[in-house]
Amino acid sequence: MQFQQLQYFVAVAETRHFTRAAELVHVAQPSLSQQIKALERELGADLFLRARGNITLTDAGEALLPLARRILADADTARHEVLELAQLRRGRVRLGATPSVCTGLLPDVLRAFHDRYPGVHLLVEESGSHDLVRHLARGALDLALVVLPLPTPSPALTTVELLREDLVVVSSPEASAPGGEGRRTVRIADLARERLVMFRHGYDLRELTVAACRAEGFEPEFAVEGGEMDAVLGFVRAGLGVAVVPRMVAARSGRGLRVTALARPGLHRTIALAHRSDVAPPRAARELQRMLLER
C-alpha cells in the first residue's frame, strides 16, 4: 500500500468521480485508475462500485476511508512539524473551539500567542463539541476547546479541564427584567414565563438550557431559534427574548444587555482542552496548549 494510492482513493471517495479526482490530485485519469486498481489488488477487495455516472463506496471502501484520512492528516502534520524552525518562527496550529469559547476565552490568548510567535499560522474552526471531537479523531485538528462531558466519550482523546464557568441570563434593558423588576437573580423556573432566544442545534448551550428547563418541569418557549452566538446576542438586544449564555461572553459582549445571575445552584459548564491520545500535537500546538493551561 502506497501513500499516493491513499491520496487517490480519498480524492475519488470525496468527489465520487474519477476524472474530477484526477484533476484534484494533478495526475492523469488513467494513472489514477491504475493506482486505485493496484490498491484494490493489494487489499484483496473492491473499494468502489462503478456504475455509469455513479461511483459509490463498497463496505471495504467505507471502512478504509476514515483510516486513510487519518493517515494523510498525520502525514501532513508530520511535514509541518519537520518544517518548523527553531524558536517557533513558523508553523501552524489547527484549533477547534465552540463559538462561545471563541467569543469569550480565545481572543486574549490568541493575541498573546500571536505577539510571541507571529510566524505561526493560526487556523480556528468554530463548531459544537460533537463535531470537534470527530474532527480531532480524524486528524483534522491539533487541539480543541470542548465542553465536558463529551457528547460521545472517546478513549482516543486526552482532555484537560481549563475552567468551570457560570451561565447567566441576558435580556434587553428596555424589556421587563426576567423574574420581575428588582430581582438580582433569576431561577430556571422563572424562564417558564419568558420567551427564549435559542441557539441552533449542535450548540452545547442549547442542550444544557433545554435540559435544565425540562428538569424544572416545563418545555421552554422559543421566540427565535437557530442562531450563532453573535446573532443570539443581537436578537436579545432587539428585545425578542432572553438567552442563557456564559458569564465570560456576557462580560465581553454585554454592551446593550442586562445581565442577571442565575439563583443557586445555577448552571455551569466545564471547558476542557482536548487532543488525540495517540499522536502528540505539533510543537506550535504544544506551545499554545501551554499558554491556555497557564492563562
- Name the shape class, rounded, prolate or oblate, that the alpha-carbon gyration tensor gives for the range 64-174, where a ≥ b ≥ c are the square roots of its eigenvalues, rounded holds for a/c under 1.5, and otherwise prolate holds if a/b is larger than b/c and oblate otherwise. oblate
- Compare the Cα positions of Ala140, His114, Val186 along the charge dipole of the range 73-191 (+1 at Cβ of Lys, Arg; -1 at Cβ of Asp, Glu; about the Cα centre) and return the one farthest towards the positive end. His114
- Query: Quick one: if you stick a label point 7 Å off each Cα along the C-beta vector at Arg290 and His17, how many nm between them?
  - Reply: 4.8
- Note on the structure: Extension length gain for Ala263 and His130 (0.36 nm per residue less Cα distance), in nm, is 45.0 nm
- Query: By how many degrees, 0 to 90 and rounded to 10, does the Cα axis of helix 204-215 deviate from the longest principal axis of the chain?
  - Reply: 50
- Order Arg195, Arg214, most accessible first, counting only protein heavy atoms with a 1.4 angstrom probe. Arg214, Arg195
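Can you check what the net charge comes to around Gly234, using other residues whose Cβ is under 13 Å from the Cβ of Gly234 (Lys, Arg +1; Asp, Glu -1)?
Working: positive: Arg237, Arg255; negative: Glu228, Asp230.
Local net charge: 0.
Let me know the charge dipole size of the range 1-113 about its Cα centre in debye, to the nearest 20, where only the beta-carbon of Lys, Arg (+1) and Asp, Glu (-1) is charged. Walk me through the numbers before you get to the answer.
Details: 14 positive and 12 negative charges, 62 e Å.
In debye, rounded to 20, the range 1-113 gives about 300.
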- Task: Assign unit charges at the C-beta atoms only (+1 for Lys and Arg, -1 for Asp and Glu), then state the dipole size of the chain relative to its Cα centre in Debye, rounded to the nearest 20.
- Result: 460
- How far is helix 3-15 tilted, in degrees, relative to the longest principal axis of the Cα atoms in the chain, given as a value from 0 to 90 rounded to the nearest 10? 60
- Item | Lys/Arg +1, Asp/Glu -1 at C-beta; the range 69-192 dipole; positive extreme among Pro149, Val82, Ser129 | Val82
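For an R0 of 45 angstrom, estimate the FRET efficiency from the Cβ-Cβ distance between Leu43 and Ala251 and round to the nearest 0.05. Don't skip to the answer; put the middle values down first.
Values: r = 55 Å, r/R0 = 1.22.
So, using R0 = 45 Å, E works out to roughly 0.25.
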- Task: Would you be so kind as to identify which of Met198, Val224, Cys213 lies farthest towards the positive end of the dipole of the range 177-233, taking Lys and Arg as +1 and Asp and Glu as -1 on Cβ and the Cα centre as origin?
- Result: Cys213
- Item | 0 to 90° range, to nearest 10: angle between helix 106-116 axis and the chain longest Cα axis | 60
- the range 5-90: spread of alpha-carbon positions along the three principal axes, whole Å, largest first, is 54, 25, 19
- Note on the structure: Classified through the alpha carbon gyration tensor (a ≥ b ≥ c as square roots of its eigenvalues; rounded if a/c is under 1.5, else prolate when a/b is larger than b/c, else oblate), the range 188-277 comes out rounded
- To the nearest 500 deg cm²/dmol, what mean residue ellipticity at 222 nm is calculated for the chain from DSSP H runs of n ≥ 4 alone, each contributing -39,500 (n - 2.57), summed and divided by the residues? -13000 deg cm²/dmol
- Task: Taking Kirkwood radius over Cα pairs in Å as the quantity of interest, determine which of (i) 20.5; (ii) 19.7; (iii) 21.9 was computed from the displayed structure.
- Result: (iii)
- Modelled label reach - Leu122, point 7 Å along Cα→Cβ, the range 233-261 residues with backbone N closer than 18 Å: 249, 252-253
- Percent of alpha carbon pairs in the range 164-210 separated by more than 12 Å? 68
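The values are calculated or read from the model by the stated rules, or taken from the named source; none is laboratory data. What you see is a predicted model, and the numbers here were worked out from it, not measured in a lab. When we count neighbours, we look across all protein chains shown, and the Cβ atoms used for this are built from the backbone with ideal geometry, even at glycine. The area values use the complete protein model at the heavy-atom level, side chains included, leaving out ligands, DNA and RNA. Shrake-Rupley method; radii C 1.70, N 1.55, O 1.52, S 1.80 Å.
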